[in-house]
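A quick write-up on the structure given underneath.
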Amino acid sequence: MSAFLLLTCLYAQVPTLEEFERHRQLHPDDPGAHSNYGAALRSVGRYSEALDAIDEALRLDPDYARGHNNRGNVLQSLGGTERLEQAVAAHARASELDASLHTAHNNRGNALRSLGRLDEAVEAFRAAIAINAEFGPAYSNLG
């Protein structure tokens, strides 16, 4: 976790979009800065720009697991079968790159559920719980 995000967590203050952008500008070679900016753009519905920022993160580091996970989240927000299938693949790649990234399993489960692939979704939610037994959203997703 970057010092920027750590400080915001310590003070329970969510950075503004402008702060994420400034952090990205100050750290142009940091894939995390680009990926976090992309996640922030997603949160305000700017999906095309979010994908561009996250794709830059993945250009800098193709094995950046959180970047793949964030990319999958944007693709899920876009919706549609093709984008959801791409989201499943992005979350699966994130899980391959970082086996401890429980959110990637949970997010893959959400995309699978949206595609109607419920048995696979349940497996993904259970995988998230196996990694982090205290991760409430995965339990909620199981119903």
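Quick note: the coordinates plus some simple rules give every number you see, no bench work behind them. These numbers come from a predicted model, not from an experiment. So basically every Cβ, Gly included, is an ideal-geometry build from the backbone, and we count neighbours across all protein chains shown.
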If we count every other residue with Cβ under 13 angstrom of L51's Cβ, Lys/Arg +1 and Asp/Glu -1, where does the sum land?
+1
For E49 and V14, extending 7 Å from Cα along the Cα-Cβ vector and measuring point to point gives, in nm, a value of 1.7
Is there a quick way to get the dipole size of the range 59-106? I mean about its Cα centre, with the Cβ of Lys and Arg at +1 and of Asp and Glu at -1; what is the value in debye to the nearest 20?
140
As a test of understanding, state the convex hull volume per residue of the range 22-88 from its alpha carbons, in Å³.
67
How large is Rg over Rh for the chain, taking Rg from the Cα atoms and Rh as the Kirkwood inverse mean of 1/r across Cα pairs?
0.97
Estimated 222 nm signal from helices in the chain, with DSSP H stretches of n ≥ 4 weighted -39500 (n - 2.57), rounded to 500
-24000 deg cm²/dmol
Obtain the nm distance between the two label points defined at E85 and L142 by a simple spin-label model: each point lies 7 Å from its Cα along the Cα-to-C-beta direction.
3.0
By count of other Cβ within 10 Å, fewest leading, how are F125, F135 ordered?
F135, F125
How high is the relative contact order of the chain, given as a whole-number percent (alpha carbon pairs under 8 Å, six or more residues apart)?
14
At a 10 Å Cβ-Cβ cut-off, how would you order D98, D119, D52, fewest neighbours first?
D119, D52, D98
Sequence-separation-based contact order of the range 83-143, relative, with Cα cut under 8 Å and 6+ spacing, percent:
29
Of N70, N107, N132, which is the most mobile in a GNM of the chain whose springs link Cα atoms less than 10 angstrom apart?
N132
Alpha-carbon Rg with Dmax, taken over the range 83-143, Å
10.3, 30
